[in-house]
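The values are calculated or read from the model by the stated rules, or taken from the named source; none is laboratory data. Quick caveat, the model's predicted, so the values are computed rather than measured. FYI the Cβ positions are ideal-geometry reconstructions off the backbone, even for glycines, and counts take in every protein chain you see. Please note that ligands, DNA and RNA were not included when accessible areas were found on the heavy atoms of the full protein model with its side chains. Shrake-Rupley method; radii C 1.70, N 1.55, O 1.52, S 1.80 Å.
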Amino acid sequence: MQAKIFHIVPTMFHSPLKLPSYLHQPSLPRKLPQATSISSPIDDNHHVPGPLTIPDKDESMAAFWDYQFLFISQRSETSEPITLRVVEGTIPPDFPSGTYYLTGPGLFVDDHGSTVHPLDGHGYLRAFSIDGVPKEVKFTAKYIKTEAQVEERDPVTGSWRFTHRGPFSVLKGGKKLGNVKVMKNVANTSVLKWGGKLLCLWEGGDPYQIESETLDTVGSFNVINESPPSAEKRGPGDLFDVAARLLKPVLHGVFKMPPKRLLSHYKLDAQRNRLLAVTCNAEDMLLPRSNFTFYELDSNFNLLQKQEFNIPDHLMIHDWAFTDTYYILFGNRIKLDIIGSMTAVCGLSPMISALSVNPSKSTSPIYLLPRSSDKSAGQRDWRVPVEAPSRKWLLHVGNAFEIKDIDGNSLIQIQACACSYQWFNFQKLFAVMNVQWRT
C-alpha cells in the first residue's frame with residue numbers, strides 16, 4: 001500500500017508592507033518567484049501529479065505573513081497576564097476552562113552577528129489561559145531559563161551573545177574552531193504536564209520544570225531518575241562495542257552529551273495512566289547500530305517498566321508510536337558523512353552535517369517492539385522490521401492502534417506524516433544560515 005502526499009503552496013505572494021524596525025524585518029526580494037504544487041514521489045523515478053489549489057488573495061497574504069513572523073526574534077516577555085482581544089468569532093459557551101501551554105524557538109539572531117537555525121532557538125513558553133465564563137483568554141510568555149539561555153543573555157542590558165554552537169548552527173560572531181558547546185538544551189520542542197509538574201522538553205537532554213502560574217523556571221528535571229551506568233568490566237564485545245567505549249568519554253567529557261538522550265516526544269497511555277518515554281545512546285549517532293530504552297512511569301514518576309532494544313541499523317528517531325502491545329519505531333536510515341564530519345569539527349558547518357540520509361534501500365523499516373517484559377512472547381521476531389514498500393522519512397506520528405479482523409488477527413493502523421528522502425537533505429536543511437536583516 002502506498003500513500004500519496006500533496007503539499008499545496010500559494011501561487012503568488014503580494015508585496016509586503018513595511019514592518020516596524022524593532023521586528024527585525026528580513027530583507028525580501030523585490031520579485032518573489034511563483035510557487036508550484038509539488039507532489040510526493042512514489043519512488044525516485046516516478047511522480048504522481050496532484051491537484052493544484054489556488055488560495056484567494058487574503059489567504060495567500062495571511063499565509064505569507066504567518067511564515068515571515070515565524071522567524072522574527074521575540075525580544076520581550078509578557079510577565080503579567082494580558083487579555084487578548086477577539087478578532088474574529090467567539091469562545092463557545094461550553095468550551096472548557098484551562099490553560100494551553102506552547103513552547104517553541106523565540107530567538108534567532110543575537111546582537112553580535114550570529115544567526116542560528118530555528119531548531120537551536122531559545123525556548124519561549126507561552127500560556128493561553130481560557131476562561132469559558134467571561135469568554136476571555138489571558139496571555140503570558142517567558143523565556144525558559146536554561147543553562148544556555150542564562151549564559152547567552154545579559155540580565156542587565158538584555159543583550160544576547162550566542163556562545164553555544166548547538167547541533168544545527170554555525171556561529172558567525174562567535175568561536176568556531178574548538179567550540180565544543182554543541183549540546184544546547186533550549187527546551188523548545190514540547191510541553192508535558194504530568195504528576196503535578198509542568199515540563200518543557202528538548203531533543204537530547206533533561207527537560208526543564210516550569211512554575212505553571214508564573215512561568216518561572218524551576219530548573220532541570222530528571223524524568224527517568226536512573227543511576228549512571230556502572231563502570232563494570234565487560235567482555236571484549238564486537239568492533240562496535242569497542243568503538244562505543246572509546247566514544248563515550250569523548251562525547252560526555254568533551255561535548256557534554258548525556259550517556260542517554262531523552263527524546264522530546266513522549267506518549268501518554270490513558271488507559272493505564274502511564275507516561276511513556278524513550279532514550280537512545282549518544283554514541284549511536286555515529287555507529288551503524290541503535291540502542292533504545294523505553295520507560296513507563298506512573299503519575300509520581302515512579303518507574304514501572306523498562307525495556308531495552310538493540311537494533312543493528314543506523315537510525316535517527318524523532319517521533320514514535322505505541323499500542324497496547326507494541327512500541328513502534330519508524331526507521332529513518334542515516335549514515336556517517338566523512339566530509340561533513342571534518343567541516344563540522346572545524347566549525348565550518350553544523351554538527352548535524354556529520355550525518356546524511358542513507359537511501360541505499362528502497363523500503364522503510366518499521367519496528368514492532370513488544371511492550372511485554374517477555375520479549376519472546378508471540379510468534380514474531382521483533383528484530384526483523386516490517387518493510388514499508390516506499391522509502392519515506394517519518395516526521396511525526398498522529399496515532400497508532402490495533403484492531404481485530406474477522407479471523408481474530410491483529411491489525412495495526414498508523415497515522416503519520418512523512419516525506420521523501422530526496423527532500424530531507426541535512427546539508428540543505430541545516431546549511432550555514434546567510435540571513436540579512438534590516439532595521
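Across every pair of different alpha-carbon atoms, what Kirkwood hydrodynamic radius in Å does segment 113-222 reach? Don't skip to the answer; put the middle values down first.
Working: mean 1/r = 0.0659 Å⁻¹.
For segment 113-222, the Kirkwood estimate is 15.2 Å.
Could you calculate the FRET efficiency of Glu213 with Glu59 from 1/(1 + (r/R0)^6), where r is the beta carbon distance between them and R0 is 56 Å, rounded to 0.05? Please report the intermediate quantities before stating the final value.
Working: r = 37 Å, r/R0 = 0.67.
About 0.90, to the nearest 0.05.
Which order do you get for Val223, Val87 if you rank them by accessible area with a 1.4 Å probe, largest at the top? Spell out each step's value before the answer.
Working: Val223 10, Val87 120 Å².
These residues rank, largest area first, as Val87, Val223.
Only loop residues by DSSP count here, and only those with at most 15 other Cβ atoms within 10 Å; note down the GluC sites (Glu not before Pro) in segment 155-222 that meet that. Intermediate values should be presented prior to the final figure.
Values: sites: Glu203, Glu211, Glu213; in loops: Glu203, Glu211, Glu213.
Taking segment 155-222 and a limit of 15 other Cβ atoms within 10 Å, the loop GluC sites (Glu not before Pro) found are Glu211, Glu213.
Put Lys392, Lys335, Lys193 in order of accessible area, largest first, 1.4 Å probe: what do you get?
Details: Lys392 35, Lys335 90, Lys193 125 Å².
Descending order: Lys193, Lys335, Lys392.
How big is D for segment 240-438, in µm² s⁻¹ as a whole number, if Stokes-Einstein is applied with the Kirkwood radius of its Cα pairs at 37 °C and 0.692 mPa s?
Values: Rh = 18.6 Å.
Estimated via Stokes-Einstein, D reaches 177 µm²/s.
Testing the spin-label approximation: label points 7 Å from Cα along Cα→Cβ at Gln422 and Asn222. State their distance in nm.
Result: 4.8 nm between the two label points.
Give me the number: length gained by fully extending Lys335 to Glu308, i.e. 0.36 nm times residue separation minus the C-alpha to C-alpha distance, one decimal in nm. Display every interim value, and only then the final one.
Details: separation 27, 0.36 × 27 = 9.72 nm, distance 2.26 nm.
The span from Lys335 to Glu308 would gain 7.5 nm if fully extended.
Going through the cross-link list Lys142/Lys193; Lys256/Lys361; Lys197/Lys267; Lys248/Lys306, which pairs have a Cα-Cα distance over 25 Å in this structure? Please list the in-between numbers first.
On the way: Lys142/Lys193 17 Å; Lys256/Lys361 34 Å; Lys197/Lys267 16 Å; Lys248/Lys306 22 Å.
The pairs that break the limit, which is 25 Å between Cα atoms, are Lys256/Lys361.
What ranking of Arg245, Arg391, Arg153, Arg333 comes out by heavy-atom accessible area, probe 1.4 Å, highest first?
Details: Arg245 110, Arg391 40, Arg153 80, Arg333 10 Å².
Listed by decreasing accessible area, they come as Arg245, Arg153, Arg391, Arg333.
Could you list the GluC sites (Glu not before Pro) in segment 64-172 that lie in coil according to DSSP, counting only those with at most 13 other Cβ atoms within 10 Å of their Cβ? Each step should come with its number before you reach the end.
Details: sites: Glu77, Glu88, Glu136, Glu147, Glu151, Glu152; in loops: Glu77, Glu88.
Here the sparse-neighbourhood loop sites are Glu88.
Between Gln415 and Arg245, what FRET efficiency comes out of the Förster formula 1/(1 + (r/R0)^6) with R0 = 41 Å and r the beta carbon distance, rounded to 0.05? Let's see the in-between values first.
Values: r = 40 Å, r/R0 = 0.98.
With R0 = 41 Å, the Cβ-Cβ based efficiency is 0.55.
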